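The values are calculated or read from the model by the stated rules, or taken from the named source; none is laboratory data. Worth saying up front: this structure is predicted, and the values here are computed from it rather than measured. Cβ placement follows ideal geometry from the backbone for every residue including glycine, while neighbour counts extend to all protein chains displayed.
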Amino acid sequence: LASQQHQFSQKEVNGIPTEVVCTEFSNYIFVVLTQYGKIGTLISVTPDSRSNDINEVWLDEIPMTHVCAKNLGMFVSQEAGSRPVLLGLALKDSSIDAVKQIKEIIKSCQVW
Amino acid sequence: MSTTQNGAEFEAISVHNFTEKILEQVVHFHVMKFSGGFFLWVGSAPVLSNLAVSMSSRYDSMPLSTLVLGDPSNTAPNSLAQRLAKKTNKQVFASYSLPMTDSNLSLLVENRIKKELELHPEHF
């Protein structure tokens, strides 16, 4: 499937093994960002010229996850040139420092 | 499985792709295996048109299933996710992006998935 690519990254963030898997579809970039080895909460980010439309499609009740997911979802979408992103997020450590490091990993995972 | 510095076990995510020509149509299969389950995408063109997730529960003999993305009138991703969850006893994310007009096609596609499950269970 020539136009569908995927990229892997596995690094330790503050001692926690973190995986980033990016798969490119024509209508979405599917990013799995996990420290649990599982897909986790699913967030759909569809950029809009007027506002950033974020849809938490399969949610987690914890507000911190919500904030973190929106932050990372929008970051990935912007990195990908404002393309729609489906983000699967499962983090043990969602501190500001960890999120910073994770953003660096996302940057290197260039499927776009 | 790989081990981290503090000895914790870590199952890395793995990806497996295969393709089959079914009824004159080239069908692509993309499997992403994670801890406790897998994500399966089936389609001809690389588009994510829907996504359903299914897992077994103690409340019903049939796994629970829900549609996360896509048109609810298309039951294909849900039934696929559900049947695979029952067969593998894992959490299954399924996306089915093939025309629904041919029921023969979906049956053959599902048989092809089952065959791959038998031949390469390590990828699911």
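Structure above, values below:
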| item | result |
| --- | --- |
| Listing of strands (runs of 3 or more DSSP E) fully contained in the range A:1-53 that carry 3 or more residues being polar (S, T, N, Q) and at pLDDT below 90 | A:6-13, A:41-47 |
| Qualifying positions in the range A:86-102 - outside any helix (DSSP H, G or I) and either surrounded by 21 or more Cβ atoms within 10 Å (Cβ to Cβ) or in contact with a Lys or Arg (Cβ under 8 Å, 6 or more places away or on another chain) (or both) | A:L86, A:L87, A:G88, A:L89, A:A90, A:L91 |
| Residues within the range B:1-26 that are modelled with pLDDT of 90 or more and under 18 Å from B:H123 (Cα atoms), tallied | 8 |
| Criterion (aliphatic (A, V, I, L, M), modelled with pLDDT of 95 or more and closer than 23 Å to A:H6 by Cα) met by exactly one of B:L51, B:L69, B:L84 | B:L51 |
| Checking B:S35 against (1) touching a strand residue (DSSP E or B) at 6+ places or on another chain (Cβ under 8 Å); (2) closer than 17 Å to A:G40 by Cα; (3) surrounded by fewer than 22 Cβ atoms within 10 Å (Cβ to Cβ), the condition it does not meet | (1) |
| Residue match in the range B:49-64 (condition: within 13 Å of another protein chain (Cβ to nearest Cβ) and of a type in the set (F, W, Y)) | no |
| In the range A:13-36, residue farthest from A:N71 (Cα to Cα) [restricted to those that are of a type in the set (S, T, Y) and surrounded by fewer than 20 Cβ atoms within 10 Å (Cβ to Cβ)] | A:S26 |
| Test for A:R83: is it at pLDDT below 85 and either in a loop (DSSP other than H, G, I, E, B) or away from chain B (no Cβ under 14 Å) (or both) | no |
| Any hit, the range A:96-110, residues being within 23 Å of B:G37 (Cα to Cα) and modelled with pLDDT of 85 or more | no |
| Counted residues, the range B:91-113 - those being of a type in the set (D, E) and modelled with pLDDT of 90 or more | 1 |
| Tally of residues being under 17 Å from A:Y28 (Cβ atoms) and within 11 Å of chain A (Cβ to nearest Cβ) across the range B:24-48 | 11 |
| Tally of residues being within 14 Å of another protein chain (Cβ to nearest Cβ) and among the small types (G, A, S) across the range B:86-124 | 3 |
